[in-house]
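**Q** Below are the structure tokens for one structure; questions will follow.
The values are calculated or read from the model by the stated rules, or taken from the named source; none is laboratory data. Note that the structure is predicted; figures quoted are calculated from it, not measured. Because the Cβ atoms are built from the backbone with ideal geometry, glycine has one as well, and the counts that use them run over all protein chains shown.
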There are 4 protein chains.
Amino acid sequence: MNPLNPSFARDVEDSFARQPIMKLIGARLSLVEPGVVEITLPYRADLLQQNGYLHAGIVTTIADSACGYAAYTLMPAGSNVLSVEFKLNLLRPAQGDTFVARAEVIKAGKTLTVVRADVFAINKTEERLLVATMQGTMICTGAPE
Amino acid sequence: MNPLNPSFARDVEDSFARQPIMKLIGARLSLVEPGVVEITLPYRADLLQQNGYLHAGIVTTIADSACGYAAYTLMPAGSNVLSVEFKLNLLRPAQGDTFVARAEVIKAGKTLTVVRADVFAINKTEERLLVATMQGTMICTGAPE
Amino acid sequence: MNPLNPSFARDVEDSFARQPIMKLIGARLSLVEPGVVEITLPYRADLLQQNGYLHAGIVTTIADSACGYAAYTLMPAGSNVLSVEFKLNLLRPAQGDTFVARAEVIKAGKTLTVVRADVFAINKTEERLLVATMQGTMICTGAPE
Amino acid sequence: MNPLNPSFARDVEDSFARQPIMKLIGARLSLVEPGVVEITLPYRADLLQQNGYLHAGIVTTIADSACGYAAYTLMPAGSNVLSVEFKLNLLRPAQGDTFVARAEVIKAGKTLTVVRADVFAINKTEERLLVATMQGTMICTGAPE
């Protein structure tokens with residue numbers, strides 16, 4: 001996958017830094033490559049649902065941003081990216097010390113880009129367990145205001 | 001829709017109170033009826049994405065919990081509810097003073113319940129704009145540990 | 001919902017007539033209004049899966065075309081419509097004498113239109129049972145070749 | 001992935017043979033392994049939509065059956081499998097001489113199994129192009145009647 005925007009990595013980092021929600025939950029960008037982005041989220045007790053698992057909405061928060069930025073790496077400079085829709089399957093209880101959402105572009109288009117993200121829970125033993133998987137559609141909405 | 005659990009409303013409130021993520025983002029239960037639940041979230045700058053819209057993951061957080069609890073109102077006493085999967089379409093920029101996720105059960109089953117949620121943005125003029133819609137599947141996993 | 005194309009109904013009928021698959025399975029257009037389309041499919045033994053229910057792919061065939069044409073009623077004259085994606089929940093066994101897919105536009109946009117379709121099974125007693133529901137995204141791809 | 005049912009391959013073949021819709025459209029089982037199933041569908045003019053592409057509902061028909069049978073390979077003997085829900089993204093026009101839906105189990109559970117299917121179009125030059133991708137949930141409903 002060939003990036004059209006030579007400064008795609010810096011542009012993803014800049015945009016990520018402008019997402020206040022990432023700061024609130026403590027997520028950080030951990031990988032930015034053409035068509036692939038990872039976001040890492042350490043466990044925090046205030047992100048959980050009633051059973052002590054990471055809330056599906058927070059699983060979605062990191063998976064969706066990873067999908068959006070994976071799509072964004074392949075868009076022209078000056079683009080903006082928005083989510084059109086996504087679907088998430090929860091596969092196992094989201095329990096772990098760290099969570100990683102890894103998104104990969106399946107098909108990049110001029111307007112729409114289809115992306116998949118896997119969310120892994122990582123424990124102290126470094127075991128990496130797939131806890132959720134997302135399939136979504138991102139749109140390039142042209143230059144930001 | 002007939003609730004099997006006479007104390008469904010209190011059980012939803014108790015479970016909601018055990019979701020730390022709801023406290024973190026400032027969401028509250030605003031309606032609990034058989035097969036219908038609403039969650040209300042006031043605007044907060046730290047919940048936004050890079051364009052100043054409510055992050056799709058936070059839209060999902062309130063929509064998913066509303067879906068889960070709408071399903072839960074129709075489950076037997078002592079049940080636990082988990083999300084199997086959901087799909088969210090983002091329809092308009094999620095901008096507003098308050099956001100409301102309203103979930104309604106489409107089909108309640110013994111094991112699986114299918115639910116729809118609409119998420120509205122409400123402005124000072126009380127205009128109510130549909131910004132996202134979710135279709136999801138919830139599972140009854142029996143009595144909690 | 002205001003149709004931009006005054007001959008939207010005839011254009012939907014013409015396009016439907018150019019879908020050979022509809023003839024193969026025996027489906028017909030039964031309602032075309034701005035933002036709303038219904039497709040009716042009589043029961044046929046050769047459309048079933050292993051349990052004697054209408055195959056989910058055939059449920060999808062009528063639901064998807066109904067969604068596409070519901071979106072198409074609101075597009076400019078000379079447009080073409082394609083499905084971007086859809087999600088279908090199967091709610092009950094698809095058994096009946098006739099099946100009706102009813103699609104309604106949720107949000108019409110210049111490029112993307114979000115549509116919902118309900119699929120009903122109808123029996124001799126005229127009971128109408130919801131057997132599946134779809135949420136999907138359609139795209140306007142400009143004038144056909 | 002370890003099959004619980006030693007005769008999983010024959011059981012998939014038997015069930016497939018009881019799906020009349022597969023005969024109608026001309027699809028055949030082309031691979032059955034633990035957790036993986038492929039269905040092959042030769043091009044036919046009567047399966048197309050208005051632009052001459054394979055109708056998304058027929059893409060779904062082979063993808064959904066491939067998902068169901070991939071899940072079925074890992075279920076106990078005497079089980080029945082049904083689709084709970086699926087989501088399909090259309091990535092490119094479905095044009096080709098042959099179409100292959102390849103499904104792989106992502107997570108097998110006692111009740112629910114999550115499966116992914118890719119649908120490829122194959123041309124005379126043997127080029128294999130990804131035209132659609134599905135993520136779905138299958139349920140084991142116990143022994144058939």
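**Q** For the stretch A:90-145, give me each residue that is closer than 29 Å to B:Arg116 by Cα, assigned to a loop (DSSP other than H, G, I, E, B) and touching a Ser or Thr at 6+ places or on another chain (Cβ under 8 Å).
**A** Across the stretch A:90-145, the qualifying residues are A:Leu91, A:Thr111, A:Thr141.
**Q** Please verify whether the stretch B:34-48 includes one or more residues that are farther than 20 Å from A:Ala45 by Cα, hydrophobic (A, V, I, L, M, F, W, C), in contact with a helix residue (DSSP H, G or I) (Cβ under 9 Å, 6 or more places away or on another chain) and free of Cβ contacts under 8 Å to residues at least 12 places away in the same chain.
**A** yes
**Q** Something else about it: Among the residues that make up the stretch A:81-89, is at least one of them in contact (Cβ under 8 Å) with a residue 24 or more places away in the chain, within 21 Å of D:Lys107 (Cβ to Cβ), among the acidic types (Asp, Glu) and in a strand (DSSP E or B)?
**A** For the stretch A:81-89, residues in contact (Cβ under 8 Å) with a residue 24 or more places away in the chain, within 21 Å of D:Lys107 (Cβ to Cβ), among the acidic types (Asp, Glu) and in a strand (DSSP E or B): absent.
**Q** Which of the numbered conditions does B:Ser7 fail, given that it passes all the others? Conditions: (1) surrounded by 15 or more Cβ atoms within 10 Å (Cβ to Cβ); (2) over 16 Å from the mean Cα position of the chain (by Cα); (3) under 16 Å from B:Asn80 (Cα atoms).
**A** Unmet condition: (1).
**Q** Would you mention how many residues in the stretch C:85-105 are of a type outside the set (Gly, Ala, Ser) and within 14 Å of the chain's Cα centre (by Cα)?
**A** The qualifying residues number 9.
**Q** Somewhere in the stretch B:59-71, is a residue over 16 Å from the mean Cα position of the chain (by Cα), modelled with pLDDT of 95 or more and not polar (S, T, N, Q)?
**A** Within the stretch B:59-71 (the criterion being over 16 Å from the mean Cα position of the chain (by Cα), modelled with pLDDT of 95 or more and not polar (S, T, N, Q)), the answer is no, since none of the residues qualifies.
**Q** Need the failing condition index for C:Ile21 against (1) surrounded by fewer than 20 Cβ atoms within 10 Å (Cβ to Cβ); (2) within 9 Å of chain D (Cβ to nearest Cβ); (3) outside any strand (DSSP E or B), just the number.
**A** (1)
**Q** Given the conditions (1) buried (at least 17 other Cβ atoms within 10 Å of the Cβ); (2) of a type in the set (Gly, Ala, Ser); (3) closer than 30 Å to D:Asp14 by Cα, report the number of the one that C:Gly52 does not fulfil.
**A** Against the list (1) buried (at least 17 other Cβ atoms within 10 Å of the Cβ); (2) of a type in the set (Gly, Ala, Ser); (3) closer than 30 Å to D:Asp14 by Cα, C:Gly52 comes up short only on (1).
**Q** Okay, moving on. Looking only at the stretch D:119-145, filter to residues that are within 10 Å of another protein chain (Cβ to nearest Cβ) and among the hydroxyl-bearing types (Ser, Thr, Tyr); which one of those is surrounded by the fewest Cβ atoms within 10 Å (Cβ to Cβ)?
**A** Out of the qualifying residues, it is D:Thr141.
**Q** Also, I was wondering about something else. What is the residue count in the stretch B:80-118 for residues that are within 12 Å of chain A (Cβ to nearest Cβ) and either within 26 Å of D:Met138 (Cβ to Cβ) or among the β-branched types (Val, Ile, Thr) (or both)?
**A** Selection size over the stretch B:80-118: 11.
**Q** Here is a further query. Give me the residue from the stretch C:1-38 that is among the acidic types (Asp, Glu) and in contact with a Ser or Thr (Cβ under 8 Å, 6 or more places away or on another chain) and, out of that set, nearest to C:Asp118 (Cα to Cα).
**A** C:Glu38
**Q** Right, another one. Assess whether A:Ser79 counts as being surrounded by 23 or more Cβ atoms within 10 Å (Cβ to Cβ), touching a strand residue (DSSP E or B) at 6+ places or on another chain (Cβ under 6 Å), more than 15 Å from D:Thr133 (Cβ to Cβ) and small (Gly, Ala, Ser).
**A** It is false that A:Ser79 is surrounded by 23 or more Cβ atoms within 10 Å (Cβ to Cβ), touching a strand residue (DSSP E or B) at 6+ places or on another chain (Cβ under 6 Å), more than 15 Å from D:Thr133 (Cβ to Cβ) and small (Gly, Ala, Ser).
**Q** Please tell me if A:Thr98 is within 28 Å of B:Met22 (Cα to Cα) and touching a strand residue (DSSP E or B) at 6+ places or on another chain (Cβ under 7 Å).
**A** yes
**Q** For D:Thr111, work out the one condition from (1) surrounded by fewer than 17 Cβ atoms within 10 Å (Cβ to Cβ); (2) β-branched (Val, Ile, Thr); (3) within 17 Å of D:Met22 (Cα to Cα) it doesn't fulfil.
**A** Here D:Thr111 clears every test but (3).
**Q** Mind checking whether some residue in the stretch C:71-90 is closer than 19 Å to C:Leu54 by Cα, out of contact with any helix residue (DSSP H, G or I) (no Cβ under 7 Å at 6 or more places or on another chain) and of a type outside the set (D, E, K, R)?
**A** The answer is yes, given that some residue of the stretch C:71-90 is closer than 19 Å to C:Leu54 by Cα, out of contact with any helix residue (DSSP H, G or I) (no Cβ under 7 Å at 6 or more places or on another chain) and of a type outside the set (D, E, K, R).
**Q** Considering only the stretch D:24-42, state which residues are surrounded by fewer than 22 Cβ atoms within 10 Å (Cβ to Cβ), within 12 Å of chain C (Cβ to nearest Cβ) and out of contact with any Pro (no Cβ under 8 Å at 6 or more places or on another chain).
**A** D:Leu24
**Q** Against the condition out of contact with any strand residue (DSSP E or B) (no Cβ under 7 Å at 6 or more places or on another chain), within 30 Å of D:Thr111 (Cα to Cα) and surrounded by fewer than 20 Cβ atoms within 10 Å (Cβ to Cβ), how does B:Asp14 come out, does it pass?
**A** Against the criterion (out of contact with any strand residue (DSSP E or B) (no Cβ under 7 Å at 6 or more places or on another chain), within 30 Å of D:Thr111 (Cα to Cα) and surrounded by fewer than 20 Cβ atoms within 10 Å (Cβ to Cβ)), B:Asp14 qualifies.
**Q** Moving on to the next point. Please go through the stretch B:64-79 and pick out each residue that is within 22 Å of C:Asn89 (Cα to Cα) and more than 14 Å from every other protein chain (Cβ to nearest Cβ).
**A** Correct list: B:Ala70, B:Thr73, B:Leu74.
**Q** Take the conditions assigned to a helix (DSSP H, G or I) and either surrounded by fewer than 19 Cβ atoms within 10 Å (Cβ to Cβ) or more than 7 Å from chain A (Cβ to nearest Cβ) (or both) and apply them to B:Asp46. Does it pass?
**A** When the stated conditions are applied, B:Asp46 passes them.
**Q** Would you be able to say whether some residue in the stretch D:57-73 is assigned to a strand (DSSP E or B), buried (at least 23 other Cβ atoms within 10 Å of the Cβ) and in contact with a strand residue (DSSP E or B) (Cβ under 9 Å, 6 or more places away or on another chain)?
**A** No, every residue in the stretch D:57-73 fails to be assigned to a strand (DSSP E or B), buried (at least 23 other Cβ atoms within 10 Å of the Cβ) and in contact with a strand residue (DSSP E or B) (Cβ under 9 Å, 6 or more places away or on another chain).
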